[in-house]
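Below is one structure, written out as structure tokens, with a few remarks after it.
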Amino acid sequence: MLNRRILQFTCFAMFLLVPTLASAATRPWLSGSIGGSSYAMGDVNDEIELINSSLAGSGLEMEEIERGLNYGLAFGLDVGTGWSIGLGYDRLTGKSDVGDASGSIEYDLPANLLRGFGRYSFESTGKAKGFLEASLGQVMSDATASLSVTGVGSESVDLEGSGMAFEGAGGFSYWTSPRVALVGSLGYRYAKAEDIEADGQPLQSPQGDGNYSIDYSGIFVRFGLTVALAP
């Protein structure tokens, strides 16, 4: 299902970009980044609270998932007058576990974020340029929840769902050479994977008031390297 969504996203994006690629004014570039994100994780952390309530008095406590690392790749086109458009992929991560000699519980909550973005870079006579960027895309959960009991065995379930994603950010690029730049950005992301299914079965929220969601919304920061593919 993920491969089909990636193919659909890529085909749609290329349909939009082909007219621009035909223009002589374009300047393609590639960028890789690493950073961190804060997460809302409402249903997940509500569930962790219930787990901790059941562990009261044991000396064990499961940490709520409030942040995680993110890794990304982006392909962009400078189209003139400070504007750029492009496609980006981000891998969001988040994890928490608790256990002792009797067993363990683990939530591993990565997600794939596909996005199209537009960026405006402000004019500058120096090597540094500030920019504003907005993105629209889709977040897809690639999560698992695992339970292990010593002497009994272990079991894990896939937690799958998806939802729309929006980002707004401000940042800078510092061109160390005509083709290489250091890049950093700070922004806010809305990205909630909704209608989560556990091994294909709909999952209810811990409060019983709707379908389960995994909410990756929050503040993010990215740092990376951009390489221009043309002068």
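Where a number appears in this text, it was derived from the coordinates with a stated rule and is not lab data. Owing to the predicted nature of the structure, the values given are computational and were not obtained by experimental measurement. Backbone-built Cβ (ideal geometry, glycine too); neighbour counts: all protein chains shown.
In table form, for the structure just shown:
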read-out	value
Cβ-based net charge around GLY103, under 12 Å, with every Lys or Arg adding one and every Asp or Glu removing one	-4
Calculated FRET efficiency for the pair SER124/LEU182, C-beta based, R₀ 25 Å, to 0.05	0.95
For the stretch 171-187, Karplus couplings with θ = phi - 60° (6.51, -1.76, 1.60), whole Hz, Gly/Pro x	x, 9, 10, 10, 7, 6, 8, x, 10, 10, 9, 8, 10, x, 8, 9, x
Förster radius 25 Å - calculated FRET efficiency between ARG27 and ALA134 (Cβ-Cβ, nearest 0.05)	0.80
With Cα atoms, 0 to 90° folded angle of helix 42-54 axis to the chain main axis	30
